[in-house]
1. Per residue, how much accessible area does the stretch 84-174 have with a 1.4 Å probe, in Å²?
2. Would you mind checking the pairs Lys149/Lys187; Lys164/Lys269; Lys108/Lys162 and listing those with alpha carbons more than 29 angstrom apart?
3. Give a residue-ordered list of calculated ³J(HN,Hα) values for the stretch 60-76 (Karplus: 6.51 cos²θ - 1.76 cosθ + 1.60, θ = phi - 60°; whole Hz; x for Gly, Pro).
4. Using the Cα gyration tensor of the stretch 29-177, with a ≥ b ≥ c the square roots of its eigenvalues, what is the shape: rounded (a/c below 1.5), prolate (a/b larger than b/c) or oblate (neither)?
5. Roll a 1.4 angstrom probe over the protein heavy atoms and tell me the percent of accessible area of the stretch 24-155 that is carbon or sulfur.
6. For a test of the definition: using alpha carbon positions, the gyration tensor, and the 1.5 limit on a/c, classify the stretch 59-104 as rounded, prolate or oblate.
Amino acid sequence: AKFAIDLEIKAAEQDLKDYIINKRKVSKVLTNDQKLNLINILNEKDNVTSRINKLKDKLANNNITRKEYGYAVRSLNNQNNRLSQGLLLIKKQAVETGAQKITETVEKQIKESGLEGGVKQMTSEEISKMDLGKNIDSKKASGEFGFIKQFKDGSFEIIINKDKPAVGTAAHEFMHAILNKTLSNNKKIQNQLAKELKSYVSTLKGEGVDKLKNRLNSYKNDEALGEETIVVMSESILDGSLKFNESFFTKIGDVIRRFLQDTGLKQVKFNTGRDVYN
């Protein structure tokens, strides 16, 4: 059982190493030093595993005593734990950097779009003391990654929890602000898109898709379902959990086109499913 688990860990670490080396998105979040450090840590973890295996062979061949083996393996396991802590630290730094970059992008988009809104970063304690009205529990909100306050005059304020950085929070809430202006009076298109997406996703399999299914199924309120579906769909395309499928995106092309035309983009035209996806 331990051998099987070790194989899984090694495969996961190799996947992570390949991801770091090959994915362009990582280069936008990690500094060169962080990327190099991360790869070095993973290589060191490989070395630790190799040395433990060599110790096992020595023990099996009676070249070392079980006591000597125990001391050596304990030391190597401690080293491995320190390396794992190094990985977690880099991940934390990467998430914080990524979240800050997205927040800055959203702030820029709000300004360039001429929208009456802003982004505010606050601690969990500060959020818990906010007066958010009858419909929002400030204590509960303080445990979230972030949320959006939308006012009757059309303005809004995106609140980001500094104690719980997450890369997509600002973008997610900003999209709600956009959709509130463009889709608030068109529930039919919202819910039609939600129905098509849920129907299509129910036929898919895979870890990423399971997360997407769970997110879609968590929205029980029909009033919010359509808007949330569009936000989740966009995020899922960006993070790769919703892969391109020609027939599906061709099918929802008319819905997306009507949505865009209703927002004032009258000359929208899609030739292929890939156009819709893009």
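1. Per residue, the stretch 84-174 has 61 Å² of solvent-accessible surface.
2. Lys164/Lys269
3. 5, 8, 6, 7, 9, 7, 5, 5, 4, 4, x, 4, 5, 5, 4, 5, 5
4. prolate
5. About 48 percent, which is the carbon plus sulfur part of the accessible surface.
6. Here the stretch 59-104 falls in the prolate category.
The values are calculated or read from the model by the stated rules, or taken from the named source; none is laboratory data. Because the structure is predicted, anything quoted here is derived from the model rather than measured. Calculation scope for accessible area: heavy atoms of the full protein, side chains included, ligands and nucleic acids excluded. Shrake-Rupley method; radii C 1.70, N 1.55, O 1.52, S 1.80 Å.
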